[in-house]
Amino acid sequence: MSSGLSVYLLDVAATRALVGSRDEQLLEVIRTNFADDLARADDYFSDAIERGAPTAYEALEAVVRGGPFSEDQEVAFQYGYAYERLCELTGSFLDNSSFTPHRGDWLSVVDRGLRALGVTAVSVESFGYSDLPDPLPYTYTPGCGEWTPTSIAQALEQFESAKQAIDASGQAPPLEPEVVEAVMQCVGWMNHAAARPGFGVIGFRA
């Protein structure tokens, strides 16, 4: 079974602040302008909704209002997807061609490639964690992680230092071409974020 990453460029702090913001105008905009998207999501998860999961819009309401959330762990995924929908609404989708689809431990393979180049401040595997803002309940899928502006700045410094060392020595780490391509895609995400003060990256694995 394959997985994929959805990666967004956005103001991380502002996006997290939407959770529990009680922004009724935002909810109305989503309900009015994204009705077709919400309906498609409900159709896809119709079996789970019949078993008691919230609809896509109900989950969004709970996320924006800060609750209440179902205590049933089996339906918590809807709140994770609702948060991703907020990221999609407020951010820009980044090229994920090196990561969608992917199988097995590909994310950890790319992380090893990053570390081989001295980059330890960020991790693509972290996008598979459940780092959803409080008070959203834990859910394994979708996984969620973020790269803050601070961690991105540090990672770019690490990458630049490694690049200078490689140029000086003429010796590059023995990485497979597809790993190099994925690492450079990560560097591209970080460069996009670094060009916009306060911006970072939030990623979701599903």
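Summary table below
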quantity: Subset tally (residues that are in a loop (DSSP other than H, G, I, E, B), surrounded by 13 or more Cβ atoms within 10 Å (Cβ to Cβ) and among the small types (Gly, Ala, Ser)) for the range 151-206; calculated: 2
quantity: Neighbours by Cβ (under 6 Å, 6+ apart or cross-chain): first from the range 98-113, closer than 9 Å to Val179 by Cα; second part of a helix (DSSP H, G or I) and of a type in the set (Gly, Ala, Ser); calculated: Ser98/Ala182; Val110/Ala182
quantity: Residue check, Tyr79 hydroxyl-bearing (Ser, Thr, Tyr), in contact with a helix residue (DSSP H, G or I) (Cβ under 7 Å, 6 or more places away or on another chain) and either part of a loop (DSSP other than H, G, I, E, B) or within 18 Å of Val12 (Cβ to Cβ) (or both); calculated: no
quantity: Residue that is surrounded by the most Cβ atoms within 10 Å (Cβ to Cβ), among those in the range 20-40 that are closer than 29 Å to Ser97 by Cα and either out of contact with any helix residue (DSSP H, G or I) (no Cβ under 9 Å at 6 or more places or on another chain) or not acidic (Asp, Glu) (or both); calculated: Ile30
quantity: Answer from Gly66, Gly80, Gly4 - the residue that is closer than 30 Å to Asp105 by Cβ, within 21 Å of the chain's Cα centre (by Cα), in contact (Cβ under 8 Å) with a residue 40 or more places away in the chain and surrounded by fewer than 17 Cβ atoms within 10 Å (Cβ to Cβ); calculated: Gly4
quantity: Filter result for Gly118 (over 19 Å from Phe199 (Cβ atoms) and in contact (Cβ under 8 Å) with a residue 60 or more places away in the chain); calculated: no
quantity: Condition broken by Pro54, with the remaining ones in (1) outside any helix (DSSP H, G or I); (2) within 25 Å of Thr148 (Cβ to Cβ) satisfied; calculated: (2)
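Readers should treat all values here as calculations from the given coordinates under stated rules, not as data from a laboratory. All of these numbers come straight from a predicted model, not from anything done at the bench. With ideal geometry, Cβ positions are generated from the backbone for all residues, glycine too; neighbour counts draw on all protein chains shown.
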